[in-house]
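The values are calculated or read from the model by the stated rules, or taken from the named source; none is laboratory data. Everything numeric here is computed off the predicted structure, so don't read it as measured data. Every residue, glycine as well, gets a Cβ built from its backbone with ideal geometry; the counts of neighbours run over all protein chains shown. For accessibility, only protein heavy atoms count, side chains too; no ligands or nucleic acids. Shrake-Rupley method; radii C 1.70, N 1.55, O 1.52, S 1.80 Å.
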Amino acid sequence: MNPTPFTTPRDLLRYAVTRFNTAKLFFGHGSAEALDEAAFLILHTLALPLDKLDPFLDARLLPKEIDAVLAVIERRSVDRVPAAYITNQAWLGTYQFYVDERALVPRSFIAELIPDYFSPWVADPEQVTDILELCTGSGCLAIMLADAFQNASVDALDISSDALAVAQRNVSDYKLDARVHLIESDLYTSLPEKKYDLIIANPPYVNSASMAALPQEYLAEPRIALDGGSDGMDLVRKIVAGAKARLKPDGILMIEIGNERAFAEAAFGELGLTWLTTSAGDDMVFLLGAEQLT
């Protein structure tokens, strides 16, 4: 006999929302609020379609199903583990990726720009043959880039062998092993001698003050993937400094810097940064042409 007062997903959903709100959880890894995250975790745990909650709300659950959902709710509430690490599943746009604690949970404003092929800065997507993605993490952007730019070979690098193991699983899942080449490298250090049409980076950019104030959910992620030094620009400076030698004459460099526009302008403003429009505004991603780099 089930000793809990819960019998249906509706019961568990109400309980989860209350637990999440009471625990003052932070939602920054795909869900915007407690209700969305609770629904996602419940549906995933019960192996139900993630987009069809209503038909199952009043279904009677087996005791072992209730126990499994309650265990997930407690892990999220008490340990504050990001939902993506609990489910080993994350979405970026329309793409689904495997993820665990070895890599950053997939998220990037650059991902919003890929379906439009970075128009108008890329005149002809079919002419893009060589792409470099720095700090690839789970490999999510590299996969999306390869899928969009069908004639391109993508070199995707990361300093973390653990992150690259996650990326390899995702690249293989998408059957892109022939076009996405994963490289363990400290930025440009171990790259082959070639030049690229596009260099894309979503590097660690959180400044020291912001790192100290991060919610526990972000602290569950690899620090190396977040910490950008005192002003957040430690790796960004190296990326900008080395890009000229790696870009084709008409190539472009695109870097995501989150909320650090003021620091980016202070570091690189004299180059004439172009700020791209994303869902979060015009200050998350900047672009430089090869001719602007010195």
Inset, instruction - Can you check what the net charge comes to around residue 111, using other residues whose Cβ is under 15 Å from the Cβ of residue 111 (Lys, Arg +1; Asp, Glu -1)? - result: -4
Legend entry - Computed [θ] at 222 nm, deg cm²/dmol, the chain (DSSP H ≥ 4; -39,500 (n - 2.57); rounded to nearest 500): -9000 deg cm²/dmol
Inset, instruction - Please list, in chain and number order, the residues 5+ apart from residue 274 or on another chain whose amide H is under 5 Å from its amide H, with Hs placed from the backbone. - result: 287
Legend entry - Cα→Cβ-extended label distance, 7 Å offset, between residue 224 and residue 277, nm: 3.9 nm
Inset, instruction - Could you calculate the FRET efficiency of residue 213 with residue 101 from 1/(1 + (r/R0)^6), where r is the beta carbon distance between them and R0 is 25 Å, rounded to 0.05? - result: 0.70
Inset, instruction - Please work out whether the stretch 191-256 counts as rounded, prolate or oblate from its C-alpha gyration tensor, where a ≥ b ≥ c are the square roots of the eigenvalues and a/c under 1.5 means rounded, while otherwise a/b larger than b/c means prolate and anything else oblate? - result: prolate
Inset, instruction - Name all residues of the stretch 137-151 having a backbone nitrogen under 17 Å from the label point set 7 Å from the Cα of residue 189 along its Cα→Cβ direction, giving them as ranges. - result: 137
Inset, instruction - Name the residue, out of 67, 100, 54, whose mean-square fluctuation peaks in a Gaussian network model built on the chain with Cα pairs under 10 Å. - result: 54
Inset, instruction - For residue 258, enumerate residues with amide H under 5 Å from its amide H, sequence gap 5+ or separate chain, H modeled in the peptide plane. - result: none
Inset, instruction - May I ask you to derive the relative contact order of the stretch 137-241, considering only C-alpha pairs under 8 Å and at least 6 residues apart, and to give it as an integer percent? - result: 23 percent
Inset, instruction - Pop out the ³J(HN,Hα) list for the stretch 222-231 in order, Karplus 6.51 cos²θ - 1.76 cosθ + 1.60 with θ = phi - 60°, rounded to Hz; leave Gly and Pro as x. - result: x, 4, 4, 8, 10, 6, x, x, 4, 10
Inset, instruction - Just subtract the alpha-carbon distance of residue 245 and residue 94 from 0.36 nm times their residue separation and send over the number in nm, one decimal. - result: 51.0 nm
Inset, instruction - Could you check what % of the DSSP bridge pairs in the chain are antiparallel, to the nearest 5? - result: 40 percent
Legend entry - Backbone HN-Hα couplings from phi across the stretch 22-27 [Karplus 6.51/-1.76/1.60, Hz, Gly and Pro as x]: 5, 6, 6, 5, 9, 10
Inset, instruction - Pairs to check: 175/248; 194/244; 24/52; 175/244; 195/244. Give those whose C-alpha atoms are more than 21 Å from each other in this structure. - result: 175/248; 24/52; 175/244
Inset, instruction - Rank 143, 114, 199 by mean-square fluctuation in a GNM of the chain with C-alpha springs under 10 angstrom and give only the top-ranked residue. - result: 114
Legend entry - Computed over the stretch 1-144: relative contact order in percent, which uses C-alpha pairs under 8 Å that are six or more apart: 21 percent
Inset, instruction - Specify whether the C-alpha gyration tensor of the stretch 226-294 places it in the rounded, prolate or oblate class, a ≥ b ≥ c being the square roots of the eigenvalues: rounded for a/c under 1.5, otherwise prolate if a/b is larger than b/c and oblate if not. - result: oblate
Inset, instruction - Using only Cα atoms, locate the centre of the stretch 216-294 and the centre of the stretch 55-114, then give the distance between them in Å, rounded to an integer. - result: 29 Å
Inset, instruction - Given the options 277, 136, 22, state which has the largest fluctuation in a GNM of the chain using a 10 Å cut-off (strictly under) for Cα springs. - result: 22
Legend entry - Contour minus Cα-Cα distance for residue 150 and residue 178 (0.36 nm per residue): 8.9 nm
Legend entry - Orientation-averaged projected area, Cα convex hull of the stretch 91-214 (nm²): 8.1 nm²
Inset, instruction - Normalising by the residue count of the chain, find the relative contact order in percent from Cα pairs under 8 Å and 6+ residues apart. - result: 14 percent
Legend entry - Probe 1.4 Å, protein heavy atoms only - accessible area per residue of the chain in square angstrom: 46 Å²
Inset, instruction - Averaging over all projection directions, find the projected area of the Cα convex hull of the stretch 30-142 and quote it in nm² with one decimal place. - result: 9.3 nm²
Inset, instruction - List, in order, the whole-Hz ³J(HN,Hα) value for each residue of the stretch 125-133 obtained from phi through the Karplus relation with A = 6.51, B = -1.76, C = 1.60 and θ = phi - 60°; use x for Gly and Pro. - result: x, 5, 8, 7, 10, 9, 10, 10, 10
Inset, instruction - Summarise the long-distance tail of P(r) for the chain by giving the % of C-alpha pairs beyond 27 Å. - result: 45 percent
Inset, instruction - Please give the FRET efficiency for residue 52 paired with residue 165, using the beta carbon to beta carbon distance and R0 = 35 Å, rounded to the nearest 0.05. - result: 0.60
